[in-house]
Amino acid sequence: NVTVNGNGGTCSPGSHSVTSGSSSLAQTCSRTGHTFSSFTITSGSCSSFNTSTGVCSSVTAPITIRANWSINSYYVSVNGNGGTCSPGSHYVDYGNASSAQTCKREGYTFSSFSITSGSCSSFNTSTGVCSSVTQNITIQANWSINSYYVSVNGNGGTCSPGSHYVDYGNASSVQTCS
């Protein structure tokens, strides 16, 4: 008998019986969020074993083979959208949470994060955290421009347009006073 341990994944055709001296069947394995790396024999022995296919060329006693995996790592790209974010873009292993972001932009107030590419089943728009990263994603910081009040004192006269709000970086209105 050949026992196949998918080690968190599934293998096909999986465990099977083999006539003594015959070769075992090649395995095809998959595991969400992981990349297949090799097969190893965990019990029994085989004089000629293919670590890529899981084939023992001559099975003479029961053996157990195990699929081995490497976890996939996904890129979380952080777009500061004119500002800077820390820790910024980073890699996250499959199923783990992305890092919380702190962003700054002169003359603007942070309003939220949004995902501009990829998807996340549970995303916190305040911190930029995807609770379970399963693919590459891009997170963008969103901003509201700061607006400042310009107070105009006509010093006894009248000025037009008078006191008003001006967005960060813009010029205040030209005043005509009489």
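At a glance:
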quantity	calculated
FRET efficiency, Tyr148 to Ala100 (Cβ-Cβ, R0 30 Å, nearest 0.05)	0.50
Solvent-accessible ranking of Tyr149, Tyr75, largest area first, probe 1.4 Å	Tyr149, Tyr75
Gaussian network model of the chain, springs between alpha carbon atoms under 10 Å - residue of Ser37, Ser114, Ser77 with greatest fluctuation	Ser37
Charge sum, other residues only, whose C-beta stays under 12 Å from Asn72's C-beta, Lys/Arg counted +1 and Asp/Glu -1	0
Under-5 Å amide H pairs with Gly14, H placed in peptide plane, nonlocal only	Thr28
Answer label, with mean projected area of the Cα convex hull in nm² calculated from the coordinates and candidates (i) 14.8; (ii) 11.1; (iii) 13.5	(iii)
Two-site label geometry, Ser43 and Asn170: point separation in nm, points 7 Å out along Cα→Cβ	7.5
Built amide H within the under 5 Å cut-off of Thr51, gap 5+	none
Whole-Hz couplings from phi, Karplus 6.51/-1.76/1.60, listed for region 142-151; x for Gly and Pro	10, 10, 10, 6, 6, 10, 10, 8, 9, 8
Share of carbon and sulfur in the accessible heavy-atom surface of region 37-178 [1.4 Å probe, %]	45
Residues of the chain: accessible area per residue with a 1.4 Å probe, Å²	55
Under Karplus coefficients 6.51, -1.76 and 1.60, residue-wise ³J(HN,Hα) of region 158-167 in Hz, glycine/proline x	10, 10, 10, x, x, 5, 6, 9, 10, 5
Gaussian network model of the chain, springs between alpha carbon atoms under 10 Å - residue of Gly80, Gly128, Gly107 with greatest fluctuation	Gly107
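The values are calculated or read from the model by the stated rules, or taken from the named source; none is laboratory data. None of the values given here were measured: they were computed from a predicted structure. Because the Cβ atoms are built from the backbone with ideal geometry, glycine has one as well, and the counts that use them run over all protein chains shown. These accessible areas exclude ligands, DNA and RNA; they are computed on the full protein's heavy atoms, side chains included. Shrake-Rupley method; radii C 1.70, N 1.55, O 1.52, S 1.80 Å.
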